[in-house]
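To start, the structure itself, in structure tokens.
The values are calculated or read from the model by the stated rules, or taken from the named source; none is laboratory data. These numbers come from a predicted model, not from an experiment. Cβ placement follows ideal geometry from the backbone for every residue including glycine, while neighbour counts extend to all protein chains displayed.
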Amino acid sequence: MTDLTMKFKEKIHFQEKITFNNLDEVLRKTTNIFPFENTSIMARSTTPITKELIEETCLNNGFGGVCYHLNPLLFYVLKDEGLDVKLVKGNVYDHTNQTWSSTGDTHVFIILTKENKPFLVDTGFGNNLPLKAVPLDGEEVKSANGFFRITYNNDEYILNMKKNGVHDWKTGYKFSLANTIQSEDELTTIQDTIIHSESSPFNKGYLFTSIREYETVTLTESSYTLNVGGNITKRKVATAEFLQLAKDLFGITLKNK
């Protein structure tokens, strides 16, 4: 077991060997401990994404991150535990403009293969996490966060989700199994796109979110949203409260602008 895997297990309070059978528990604990947050993007940090940086950021310094931090972290752990995994990149659907994101294939996630059957594993998709391994054969899975399934169209797979409190299926992102990440340089390229692109939704303002049991907490500079089993409450927050909530709920201290 590597130091990274040992630190990860200590962080999520999980001492067993990670297997496909207990992966659901690992995913639930992971999203609870490592928030989806974009502080490095807002700081315009262009430090190359490496295994060492991810370990330092998430395991030593107490931050979370976005998809290109969180899913590689889990990837390194699962690979070390002997699971058949690879990193893949896909294109997120832009619901505001009703089209695929112009940032291209900038979402990073994991494909896990068990007995020749591929599954999608994702712990870096904000508050849209399946919290389970989702089979690519179209089988629908249910978790504490809602319903998830993969459809196949025009040689591409598409993640569909129907989260708690939502009645219709929504599109998450599309991908090809051939679109694997071969080096950490690709992660750094994705980071640079997300930091600098005008189309990136993550460089416009702070965003924090985590899923804890049956509740999802989302915090922006202007709002606090709580989703408890589909019952959604949202309220405005002023700067002082935002800074305090970021510290209290996510353990991240930000300086006042």
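Some points to look at:
- Residue match in segment 115-125 (condition: surrounded by fewer than 20 Cβ atoms within 10 Å (Cβ to Cβ), under 18 Å from the mean Cα position of the chain (by Cα) and either farther than 13 Å from G90 by Cβ or among the aliphatic types (A, V, I, L, M) (or both)): no
- Scope segment 173-204; condition surrounded by 14 or more Cβ atoms within 10 Å (Cβ to Cβ), polar (S, T, N, Q) and in a loop (DSSP other than H, G, I, E, B); matching residues: S197, S199, S200, N203
- The set of residues in segment 205-247 that are out of contact with any strand residue (DSSP E or B) (no Cβ under 9 Å at 6 or more places or on another chain) and closer than 14 Å to E37 by Cα comprises L243, K247.
- Qualifying residue in segment 65-86 (condition: hydroxyl-bearing (S, T, Y), surrounded by 13 or more Cβ atoms within 10 Å (Cβ to Cβ) and closer than 29 Å to N256 by Cα): yes
- All positions within segment 129-143 that are within 16 Å of the chain's Cα centre (by Cα) and either closer than 16 Å to E213 by Cβ or at pLDDT below 95 (or both): L129, P130, L131, K132, S143
- Test: L219 is outside any loop (DSSP other than H, G, I, E, B), surrounded by 19 or more Cβ atoms within 10 Å (Cβ to Cβ), modelled with pLDDT of 95 or more and more than 19 Å from the chain's Cα centre (by Cα): no
- If the condition is being in a helix (DSSP H, G or I) and either in contact with a His (Cβ under 8 Å, 6 or more places away or on another chain) or not acidic (D, E) (or both), then segment 222-257 contributes T239, A240, F242, L243, Q244, L245, A246, K247, L249, F250.
- Count - residues of segment 14-35 that are in a loop (DSSP other than H, G, I, E, B) and either out of contact with any strand residue (DSSP E or B) (no Cβ under 8 Å at 6 or more places or on another chain) or exposed (fewer than 14 other Cβ atoms within 10 Å of the Cβ) (or both): 8
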